[in-house]
1. In the list GLY156, GLY133, GLY87, which residue meets the criterion of being modelled with pLDDT under 95, farther than 23 Å from GLU50 by Cβ and over 14 Å from the mean Cα position of the chain (by Cα)?
2. For the subset of region 159-186 comprising residues that are touching a Cys at 6+ places or on another chain (Cβ under 9 Å) and surrounded by fewer than 18 Cβ atoms within 10 Å (Cβ to Cβ), which member is farthest from VAL98 (Cα to Cα)?
3. Write out, first by first residue and then by second, each pair whose Cβ atoms fall under 6 Å of each other, whose residues are 6+ apart or on separate chains, and whose first residue, in region 137-151, is without any contact (Cβ under 8 Å) to a residue 24 or more places away in the chain and surrounded by fewer than 16 Cβ atoms within 10 Å (Cβ to Cβ) while the second is not in a helix (DSSP H, G or I) and not basic (Lys, Arg).
4. Looking at ILE7, is it of a type in the set (A, V, I, L, M, F, W, C) and at pLDDT 60 or above?
5. In region 42-51, how many residues are not in a loop (DSSP other than H, G, I, E, B) and not aromatic (Phe, Trp, Tyr)?
6. Taking TYR161 as the residue in question, decide whether it is over 14 Å from the mean Cα position of the chain (by Cα), closer than 23 Å to GLU77 by Cβ and aromatic (Phe, Trp, Tyr).
7. Under 9 Å between Cβ atoms, which residue pairs at least 6 apart in sequence (or on different chains) link something in region 165-186 that is farther than 23 Å from CYS129 by Cα and outside any helix (DSSP H, G or I) with a partner that is small (Gly, Ala, Ser) and at pLDDT below 95?
Amino acid sequence: MIMKRMIFCLMAMMGVLTLSAQSVSDNEVIKNMMTRRSIRKYIDKPVEHEKLETVALAGINAPSAMNRQNWAVRIIEDQKLMADVKGQTRNAPNLICVCAPADGRFDLDAGLMGENMMLAAQSLGLGTCIQTGPIRFLTTDEKAKAFRDSLDIPEGYKLLYVISIGYPDEQPDAKPRDAAKVKYIK
């Protein structure tokens, strides 16, 4: 019985992978989604302002509950501020800081916005990595005070996550995905 299940799951996964491979080759949007990877190493070159604007525009066009757009985005281009936090945010030349209401009700909306921005960045030849690890440092450590003050976070909002963004200096392979977690109910 266990062997039968394993074979069925393997066949199902192969079917999903075959369908995915066909979709990737036929559709640029899906190809972009399937090829995006978390980038943790960047070349030492800031991202051009115009590209950061495009990424931000893609982000704010994400869906949100009742179109409330309960988010605040801060894009760090100031290299001195970046130097203050570089040890915490990999070696990214730029950061996107995403804030949401502190009560947590709109965290999903902020997440959708982040995915839009990461996919837009991928389409522009940029790499990204979403990070929540540095949040404690950025919001409480005295070394990050100038950085924190520069964000001008709206009252009642919190820094939810940051996205490191820059030109990739690595091309990581895709990690395995568990297609058996997808169930079709008919």
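1. Being modelled with pLDDT under 95, farther than 23 Å from GLU50 by Cβ and over 14 Å from the mean Cα position of the chain (by Cα) holds for just one of GLY156, GLY133, GLY87, which is GLY87.
2. Taking the candidates together, the pick is ALA180.
3. THR139/LEU159
4. In short, no.
5. Final tally of qualifying residues: 3.
6. Spelling it out, it is not the case that TYR161 is over 14 Å from the mean Cα position of the chain (by Cα), closer than 23 Å to GLU77 by Cβ and aromatic (Phe, Trp, Tyr).
7. Between residues of region 165-186 that are farther than 23 Å from CYS129 by Cα and outside any helix (DSSP H, G or I) and residues that are small (Gly, Ala, Ser) and at pLDDT below 95, the close pairs are VAL182/ALA12.
The rows are residues; the columns are (1) touching a strand residue (DSSP E or B) at 6+ places or on another chain (Cβ under 6 Å); (2) closer than 24 Å to GLY125 by Cα.
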{"position": "ASP141", "(1), (2)": "no, no"}
{"position": "PHE147", "(1), (2)": "no, no"}
{"position": "ASP152", "(1), (2)": "no, no"}
{"position": "ILE165", "(1), (2)": "yes, yes"}
{"position": "PRO168", "(1), (2)": "yes, yes"}
{"position": "GLN171", "(1), (2)": "no, yes"}
{"position": "ARG177", "(1), (2)": "no, yes"}
{"position": "LYS181", "(1), (2)": "no, no"}
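The values are calculated or read from the model by the stated rules, or taken from the named source; none is laboratory data. This one's a predicted model, so the numbers in the text were calculated from it and none came from an experiment. Cβ: placed from backbone, ideal geometry, glycine included. Neighbour counts: every protein chain shown.
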